[in-house]
Amino acid sequence: GDYVDRGKHSVETITLLYCYKIVYPENFFLLRGNHECASINKMYGFFDDVKRRYNIKLFKAFTDVFNTMPVCCVVSEKIICMHGGLSPDMTSLATVNEIERPCDVPDKGILCDLLWADPEDEVRGFLESDRGVSYLFGEDIVSDFLDMVDMDLVVRAHQVMERGYGFFANRQLVTIFSAPNYC
């Protein structure tokens, strides 16, 4: 996620990724991030860029696609991927499949958490996030969740990692951040 609002070439980046998805539909997977949401990317530059270079109709087309994007995927039945993090409302994998699409991102609930939640070393359980939306979650939540769904690893993004990645919860969760020269 967060294919837009992460540099000067957001339109080109998301267009290239959609082209890869069209050409390699069985081998290329895109998950929605919190910036694939009109209310967020209007504040962080994508809307202005599209409007300045093209038109609002194209922005609406991008938004329509963003609203259909999946928010989770499972790899080899043992790895779960999402942009943000875990949710107290995610009581099974079925709860993710119950998210109706197309949809905008609400201010709370499972969809919001899958795009906004963050792991935090000093937290046990869930704690309201300083971001003003969603939660922080502790190592215990990661371990309990993976036990519940019989998986080994959570792969996520959403937070800057100076080395490009960072582990949490005894390597049961990895955060990947691939935007170069972001900081």
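Using a Gaussian network model of the chain whose springs link C-alpha atoms within less than 10 Å, name the residue from 106, 88, 25 with the highest mean-square fluctuation.
25
Considering only 123, 96, 73, whose Cα is most displaced toward the positive end of the charge dipole of the range 71-183, charges sitting on Cβ of Lys, Arg (+1) and Asp, Glu (-1)?
Value computed over the given set: 73.
Which of 69, 43 has the fewest other C-beta atoms within 10 Å, and how do the rest follow up to the most?
43, 69
For residue 93, enumerate residues with amide H under 5 Å from its amide H, sequence gap 5+ or separate chain, H modeled in the peptide plane.
Residues meeting the amide H criterion: none.
For residue 143 and residue 27 in the same chain, what is the full-extension length gain: residue separation times 0.36 nm, less their Cα-Cα distance, in nm?
That works out to 38.9 nm of additional length.
Name the residues whose placed amide hydrogens come within less than 5 Å of the amide hydrogen of residue 2, ignoring near sequence neighbours (fewer than 5 apart) on the same chain.
Correct list: 33, 34, 35, 36.
In what sequence do 66, 137 fall when counting other Cβ within 10 Å, fewest first?
Listing 66, 137 from fewest to most nearby Cβ atoms yields 66, 137.
Give me the angle, in degrees from 0 to 90, between the Cα long axis of helix 139-149 and the longest principal axis of the Cα atoms of the chain, rounded to the nearest 10.
That works out to roughly 90 degrees.
Please list 3J(HN,Hα) in residue order for the range 17-28, calculated via the Karplus relation 6.51 cos²θ - 1.76 cosθ + 1.60 where θ = phi - 60°; whole Hz, with x for glycine and proline.
4, 5, 4, 4, 5, 5, 6, 10, x, 8, 10, 10
For the cross-link pairs 57/108; 21/108; 21/42; 42/78, which exceed 32 Å when the distance is taken from alpha carbon to alpha carbon?
Beyond 32 Å between Cα atoms: 42/78.
Collect residues whose amide H, placed 1.01 Å from N in the peptide plane, falls under 5 Å from the amide H of residue 173; neighbours closer than 5 in sequence don't count.
Hits under the 5 Å cutoff: 154, 168.
Give the order of 15, 175 when sorted by the count of other beta carbons within 10 angstrom, beginning with the fewest.
Fewest-to-most ranking of 15, 175: 15, 175.
No value in this document is a laboratory result; all are computed from the given coordinates. The structure presented is a predicted model; accordingly, all values stated were derived computationally and were not measured. Note that each Cβ is placed from the backbone with ideal geometry, even for glycine, and that neighbours are counted across all protein chains shown.
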